[in-house]
Amino acid sequence: MGTMDVQSLGYLRITAEDPHNWAGFASHVLGMEAIPGDGDVLHLRMDDRHHRIAIEPANGSEGFSYGWEVADAAALDVAAGELEAVGVAVTAGTKTELESRRVAGMIHCLDPAGHRVELFCGADGGDGEFTPGRDISGFKTGELGLGHVVLMVPELEPAVRFYQDVLGFRVSDYMLAPFKATFLHTNPRHHSLALLEVGVSALHHFMVELDDVDDVGRGYDLVQAEGIEVARTLGRHTNDRMISFYARTPSGFELEYGWGGYLVDDASWEPCELTATSSWGHTPA
Ligand SMILES: [Fe+2]
């Protein structure tokens, strides 16, 4: 395979029983900008994009999905063709779906674990400048995308084949014990996606990266002051070397809030096996 070029993780669509439960957490703790969307949808801004995260009411929506950005409409056509060539059913986004995502083009399919994968191009900017919900230096986005997602899958092998061989992601490193996991990149960010084989099909966490380690430290103070569950204490990952903590979100899954992620150079990178996820900290609650 090979001409498909996925650039970055562009957006997330998640669900919550009441999306507005996210508003205070997202703005005052994380420093995002929470803006009401249509109906009960809540949009979260992290940069000059219209939104990076959409939170929909849990009842009647399709659950977690994510949007991977390609360069333009031509690249989207190439992607659709390559997916269909390997027998993946591809559906074009409806006018309503394009409007709610504020994108020019979108196609979607399911990965082997049943997660909805969207590929898109032409994201809109927001109305006016990004205004952080608290005083932070900013989120590291741009060509690196909005952060990373870690998905739980029942079977690792078919999922890795799909993202690597069909979507063109590159393996950064992998773990065989105490559980099987593969970390993949689409740009210099060490991983935009990680897949964990844990018997179920669900979102484990997503990560957002801050420009300053003090943004993370203040966020850690705020999470504890607000009585939000710290799912993993402050620590440093072995592979992307990120200093981060994990908080329990209003949706139940975890959010990693970090700084200092390592950037991979494809010209010299060699995937290797990991034997530990963290060099210090990250103690589970
Ligand atoms: Fe992570």
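Look at segment 171-185: where a residue is more than 10 Å from Thr277 (Cβ to Cβ) and a partner is of a type in the set (Phe, Trp, Tyr) and surrounded by 13 or more Cβ atoms within 10 Å (Cβ to Cβ), sitting 6+ places away or on another chain with Cβ atoms under 6 Å, you get Ser172/Phe183; Asp173/Phe183; Thr182/Tyr174; Leu184/Tyr163; Leu184/Phe169. When you scan segment 257-270, do you find a residue that is modelled with pLDDT of 95 or more, surrounded by 11 or more Cβ atoms within 10 Å (Cβ to Cβ), within 22 Å of Ala202 (Cβ to Cβ) and not basic (Lys, Arg), even just one? Yes; the residues of segment 257-270 include at least one that is modelled with pLDDT of 95 or more, surrounded by 11 or more Cβ atoms within 10 Å (Cβ to Cβ), within 22 Å of Ala202 (Cβ to Cβ) and not basic (Lys, Arg).
Within segment 118-153, being of a type in the set (Gly, Ala, Ser) and assigned to a strand (DSSP E or B) holds for Gly122, Ala123, Gly125. Considering only segment 33-45, state which residues are farther than 20 Å from Ala104 by Cβ and under 15 Å from the mean Cα position of the chain (by Cα). Matches in segment 33-45: Leu44 only. Hey, can you tell me all the residues within segment 136-161 that are acidic (Asp, Glu) and either in contact (Cβ under 8 Å) with a residue 24 or more places away in the chain or within 16 Å of the ligand (Cβ to nearest atom) (or both)? Listed by number, the residues that qualify are Glu143, Glu155. When you go through (1) closer than 26 Å to Phe139 by Cβ; (2) in contact with a helix residue (DSSP H, G or I) (Cβ under 7 Å, 6 or more places away or on another chain) one by one for Val90, which number turns out not to apply? So the condition that Val90 fails would be (1). Does Gly122 satisfy the criteria of being within 20 Å of the chain's Cα centre (by Cα) and within 17 Å of Gly10 (Cβ to Cβ)? So Gly122 fits the description; yes.
The values are calculated or read from the model by the stated rules, or taken from the named source; none is laboratory data. Remember, it's a predicted structure, so these values are computed and weren't measured experimentally. Cβ sites come from the backbone with ideal geometry, for glycine too, and all protein chains shown count toward neighbours.
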